1. What's the ranking of 321-333, 170-182 by average number of surrounding C-beta atoms within 10 Å, highest first?
2. Once the piece of chain linking Thr340 and Ala141 is laid out straight, how much longer is it, given 0.36 nm per residue of separation minus the C-alpha distance between them?
3. Using unit Cβ charges (K, R positive; D, E negative) and no other charged atoms, how large, in debye to the nearest 20, is the dipole of segment 76-150 about its Cα centre?
4. Taking θ = phi - 60°, what integer Hz values does the Karplus form 6.51 cos²θ - 1.76 cosθ + 1.60 yield along segment 30-38, in sequence order, with x for Gly and Pro?
5. Please give the peptides 87-94, 159-166 ranked by average Cβ packing (other Cβ atoms within 10 Å per residue), highest first, as a rough proxy for protection.
6. Taking the Cα centre of segment 260-342 as origin, work out the dipole magnitude from +1 charges on Lys and Arg Cβ and -1 charges on Asp and Glu Cβ, in debye rounded to 20.
7. Mind listing the phi-derived Karplus ³J(HN,Hα) values for segment 278-290, rounded to whole Hz, using 6.51, -1.76 and 1.60 with θ = phi - 60°, and x for any glycine or proline?
8. Once you have the Cα-Cα distance between Ala327 and Ser284, take 0.36 nm times their residue separation minus that, and quote the gain in nm to one decimal.
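Please treat every number below as a calculation from the coordinates, not as lab data. Just so it is clear, the structure is predicted and the values come from calculations on it, not from any experiment. Please note: Cβ atoms are built from the backbone with ideal geometry, for glycine as well, and neighbour counts cover all protein chains shown.
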Amino acid sequence: MKLRIPTCALLVVLGIACNTVYAKDPQLQSLTLEHFRDTATVKDDPSNGTTIVTTEKGFVVHSGLLRQVSNDEFLHGVIDNKTGKKSFEVYAWISYNGRWRTYQTANFQVMDAPRSVPATQVSRDVGDCAAGNCLYTEHVAFAVDEPTLRQIAAGYVPGHPPIWHFTLVAKTGVEYSGQLSSAEIAGFLAKVDELTGAAPAAAAIAPAAPPVAVAVSPAPPPAAAPIAPAPSTAPAIAAPAPPAAKASIPGAPFKPDFGIAGIPVAATVTQPYRAGLLISGVTSDSIAEHSGIIVGDIVYEFGGHPIKTPADLQAAVAASPAKSAVAIKLFRGTTATVVTAQF
C-alpha cells in the first residue's frame with residue numbers, strides 16, 4: 001500500500017502541519033490482501049542470484065494539476081535463490097520544501113514494545129527550484145524482520161485492515177509519520193511464500209489419487225523343456241502357467257481438492273490465540289469454498305489438529321477420510337467460529 005502526503009510549501013511556511021492521507025480513505029480501505037499479492041512486482045537478478053519483491057505498484061495516488069506522486073511507502077524484499085534467506089525493508093519516498101532533513105532513524109511498535117532502527121538513505125533528489133523554494137525528495141529504507149511482518153499480517157480483516165504506523169526521525173526538521181495497511185503486508189508475504197514454496201497455490205493441496213486397476217498380461221507358456229526318453233511314445237510337454245490375476249495399485253480413498261492457499265501468521269499481545277494460517281486464496285467450487293472459508297480467515301485447527309503452517313493443513317487434509325465431515329476452527333476478524341468441511 002502506498003500513502004501520499006501532498007506537497008504543502010505554503011502550510012510549512014505558515015507553521016501548519018500537513019495532513020496525511022490515512023487508510024480511512026475509501027479507495028485505500030477497499031484494497032485487499034489479494035490485490036497486493038497480485039500487483040506485487042517480482043524481478044529476478046541473475047547477477048547475484050536473488051529475486052526482488054515489492055508492493056510499489058499496489059496503490060498510487062496522484063495530486064495536483066500535473067498528477068504528481070508526492071510521498072509513498074511500500075515493502076521491499078530480497079530472496080536469495082540459493083540459500084532461501086530473506087531480508088525485508090520498508091521504503092519511503094518523502095517530498096518536502098525548505099531544506100534537507102536527512103531522515104536517520106525509524107521508530108515503530110512491535111508486540112506493544114517500541115523499537116528503533118537505523119534508516120538508510122537510498123537516494124536524494126532536488127527539483128522545482130524555479131520559485132526559489134526547492135522541492136526535496138528523500139528515498140529512505142529501514143529493515144523490519146519477518147516475524148514482525150507476520151504478526152502484523154495476523155491482524156488483517158477484509159474491509160477493515162488495521163494500520164501499522166512508523167515514524168522517521170530527521171537530523172533536522174520535522175518527523176515523518178508513515179503507515180502500511182495490514183492488507184499490504186499480508187499480500188506481500190503471500191507473494192513471498194508463493195515464490196519460496198512456503199505456501200502452495202490454492203489448488204496445490206491436492207487429493208490423493210483414486211485406486212487405478214492395472215491389468216497384468218498372463219505370462220506366456222514356457223518353452224517345452226527337453227525330456228529324457230521315456231517308454232511312452234509321446235514326449236511330455238510342460239503345461240502352460242495359469243493366467244495371473246489382475247492387480248491394482250493401492251491408494252488412499254479419493255477426496256476432491258480442498259482448495260485454499262495461506263500464509264502462517266503469529267499471535268499478538270492483544271490477540272494471543274489469533275494465530276495460524278491466514279487464508280490468501282480460495283479455489284472456486286472447492287471443499288473450502290463450500291464449507292464457508294473466505295480470504296482473510298485464520299484457520300487454527302482442522303479436525304482436532306492444530307494448524308500453524310501450510311504443511312500442517314496438508315497433513316490434516318490427507319488424514320481426513322473420504323465422505324467425512326471435518327470441523328474447522330478459525331478466526332474471522334476477531335471472532336472465533338467453526339465451519340464444517342464435507343469430503
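1. Top of the packing list down: 170-182, 321-333.
2. Using 0.36 nm per residue and subtracting the Cα-Cα distance, I get 67.2 nm.
3. Using Cβ point charges on Lys, Arg, Asp and Glu, segment 76-150 gives about 140 debye.
4. 7, 6, 10, 3, 4, 4, 5, 5, 7
5. Ranking, from highest mean packing down: 87-94, 159-166.
6. The dipole magnitude comes to about 160 debye.
7. These are the phi-based 3J(HN,Hα) values: 6, 6, 10, x, 10, 6, 4, 6, 8, 4, 4, 5, 5 Hz.
8. 13.5 nm
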